[in-house]
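I have placed the structure first, in the form of C-alpha cells, so that the comments after it can refer back to it.
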Amino acid sequence: MPAGPTHLAKTPEEVIDPGSVRSELHRLLKCSQLKNSKRCSDLLSYIVEESIAGRGGQLKERSIGIDVYGRSPDYDTTADPVVRNAASELRKRLAQFYIDSKEGTAIRIGLHAGTYKPEFHSARQESETAQFQGGSRAQSRPTTFAMLAVGLPLCIALGLLFYYFRTSDP
C-alpha cells in the first residue's frame, strides 16, 4: 500500500483517504479553538498538507519556521522558538477540541510532542484501542484527589506512630 499522495497509512492495516483528512482539517480550522489563532492554523494547515504530499518525514523546525512563519534561512531556532511554541499551543488546542467535540468524526488529527509530523487516526480505530486498553489513559491514572485521600491519612498515621515511639520510655 503506497503511503503518500494517494493514501495515508499509519499501519499497513489502516489506510486513510487524504480527502477525509482534508475535511477534518477544514473542520478544525473553523472551530473556536483554532479560528482565532493564525499561528496555530497556519502550522496545522502546513504540516497536514506536507504529510498528505508525502513529505511528513521532512518536517523540521527550521523548514517550518522558514516556510510558515517567514523566518530567514539562517535564523537561530534556539533564540526564536516560534515553531516550538506554536506546536505546543496547537497540541493543547487539538486536545481541547477533541475533548469538547460533541460531533462524531471519521478522522482525528494529532501531533505528538517531539515531532512536527501529524498523525491521522480513524475514530473507529481509536474506539477499538480504547476498548482494548479498558478506557482512556486519563481514566486509568489515579486522580490527585484519590492520591490525597490515601496519602494524607497514611502520613498522619506514620507521624502518630513516630511520635508515640519517640516519646515512650525505653
Over segment 51-67, the set of residues open to solvent by 40 Å² or more (accessible area, probe 1.4 Å) and not aliphatic (A, V, I, L, M) is Gly54, Arg55, Gly57, Gln58, Lys60, Arg62, Asp67
Checked segment 69-92 for anything assigned to a loop (DSSP other than H, G, I, E, B) and open to solvent by 30 Å² or more (accessible area, probe 1.4 Å); matches are Tyr69, Gly70, Arg71, Ser72, Pro73, Asp74, Asp76, Thr78, Ala79, Asp80, Pro81
Test Val48 against the criterion of being within 17 Å of Ser122 (Cα to Cα), modelled with pLDDT of 95 or more and open to solvent by less than 40 Å² (accessible area, probe 1.4 Å), and give yes or no.
yes
Restricting attention to segment 17-32, the residues that are assigned to a loop (DSSP other than H, G, I, E, B) and open to solvent by 40 Å² or more (accessible area, probe 1.4 Å) number exactly 1
Taking segment 28-69 and keeping only residues that are among the small types (Gly, Ala, Ser) and over 24 Å from Gln96 (Cβ atoms), one is left with Ala53, Gly54, Gly57, Ser63, Gly65
Filtering segment 53-67 for residues that are β-branched (Val, Ile, Thr) and within 20 Å of the chain's Cα centre (by Cα) leaves a count of 1
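Residue check: is Lys35 free of Cβ contacts under 8 Å to residues at least 12 places away in the same chain, under 27 Å from Asp17 (Cβ atoms) and open to solvent by 70 Å² or more (accessible area, probe 1.4 Å)?
yes
The values are calculated or read from the model by the stated rules, or taken from the named source; none is laboratory data. Keep in mind it's a predicted model, so treat the numbers as computed, not measured. Every residue, glycine as well, gets a Cβ built from its backbone with ideal geometry; the counts of neighbours run over all protein chains shown. Calculation scope for accessible area: heavy atoms of the full protein, side chains included, ligands and nucleic acids excluded. Shrake-Rupley method; radii C 1.70, N 1.55, O 1.52, S 1.80 Å.
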